[in-house]
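Take a look at the structure set out below.
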Amino acid sequence: MEHVVGARIHQLRTIDPGEIRLVQLALPEEMEIAGKRYTIRDTMRPGTAFLAKPWGDRTGKYRRRMYTRSNTSFNQPRLLETFINHTHRDQSDTSSWWQSAMAIDWFEKEKTVEVRLQLDEEAGDAWVYENTKVCKSTNLRLEDNGIWEGMRIVCVAFGTGITPFLSYARYFKANNFGRKGAKAGAHLTLVASVRHEGQLMLHEELVALEQQFPQHFRYQPVLTRSWPTAWGYLKGRILHVVNYGSGNEQIDISPFQTIVPDIAQAHLRICGNVTACRQLTLGLERNGLVPLTVRAESW
Ligand SMILES: Cc1cc2nc3c(=O)[nH]c(=O)nc-3n(C[C@H](O)[C@H](O)[C@H](O)COP(=O)(O)OP(=O)(O)OC[C@H]3O[C@@H](n4cnc5c(N)ncnc54)[C@H](O)[C@@H]3O)c2cc1C
């Protein structure tokens, strides 16, 4: 049996109208099931997703959907933050609801959205469910403590695919990027590609993080469709694809190589839509560029 708790919509902020919203769901400290009280515990690992049951505006029902957490349980326990985009697929259901006036109305009325928990009956604990407990090439759960501190990681995010990497960046910051004694600590490069300036997520926070930890963090936002005249970062797609039909495509990854010339010495992590993730990995492969490890998640 699946256990859930109602989480209050704590924040619903429009990033790009009709396209992207920041969502925060606040869980209570305790809950009761069949007369028994459980303490709600949150140890979600950066890079994992929680399961919520938002409203589907196409089907008119509550639906189960996963959302990658963009903050960390480490410093914000029981406050689940994510960024949700409208997929514009024919089947779009909950992704369009999150952008709606009805969602704003729920937020203003302090309504709740159910979030999945896992019970430990003996201990009387209810743990926030996370989608994976192990690191695999097809997920972005952060490596265990003791491992990530020695890694040089390049994260490439397409749109809301930035969510797992925001969690990494905040976790690394909270842990001083793993710098301890003689240990140099981790290095994180975040390439965040969005269509226009209004779609950037937590831009100011990331700029400030780069200024605070210049030896450990590099932030490279990319605007693909339009940019302000004074835009000081990258412009245009990080890979150019020419389609010759019947699945035959030429992938030019030179813009990506300009940003990250030494990907072979780094661990590559990719998140976003299926096509962009596939084109980047294929482009690297065809150019004989083999990162130390590659892990990618697409929705
Ligand atoms: C691990 C993970 C992390 C994610 N993180 C984010 C995130 O951070 N931000 C974000 O915007 N999105 C994220 N997503 C995608 C998100 O869960 C939704 O799929 C997306 O928002 C689109 O939702 P939708 O309801 O509009 O359409 P869809 O989820 O594409 O659903 C479309 C249709 O498929 C059906 N369907 C979908 N899933 C199932 C299923 N499991 N079983 C049966 N029918 C199904 C639906 O009923 C509907 O008819 C993540 C997905 C996964 C798997």
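The values are calculated or read from the model by the stated rules, or taken from the named source; none is laboratory data. Fair warning: this is a prediction, and the values are worked out from it, not measured in the lab. Heads up, the Cβs are rebuilt from the backbone with ideal geometry, glycines too, and the neighbour counts pull from every protein chain shown.
Annotations for the structure displayed:
- Of the criteria (1) farther than 22 Å from TRP299 by Cα; (2) out of contact with any Leu (no Cβ under 6 Å at 6 or more places or on another chain), which one VAL274 fails: (1)
- Inter-residue pairs, beta-carbon under 6 Å, first closer than 20 Å to VAL274 by Cβ and in region 81-109, second near the ligand (Cβ under 9 Å from one of its atoms) and part of a helix (DSSP H, G or I), 6+ apart: THR82/THR163; PHE83/THR160; PHE83/THR163; ASN85/GLY159; ASN85/THR160; HIS86/SER95; HIS86/SER96; THR87/SER95
- Extreme residue, nearest to the ligand (Cβ to nearest atom), among residues of region 65-80 that are among the charged types (D, E, K, R) and touching a residue at least 40 places away in the same chain (Cβ under 8 Å): ARG69
- Residue that is nearest to GLY6 (Cα to Cα), among those in region 23-58 that are in contact with a His (Cβ under 8 Å, 6 or more places away or on another chain) and more than 16 Å from the ligand (Cβ to nearest atom): ALA26
- Filter result for the condition that a residue is outside the structural domain of LEU51 (by TED's automatic domain parsing), in a strand (DSSP E or B) and of a type in the set (D, E, K, R), over ARG237, ARG218, ARG225: ARG218
- Among the residues of region 239-285, the one identified as among the aromatic types (Phe, Trp, Tyr) and free of Cβ contacts under 8 Å to residues at least 12 places away in the same chain is TYR244.
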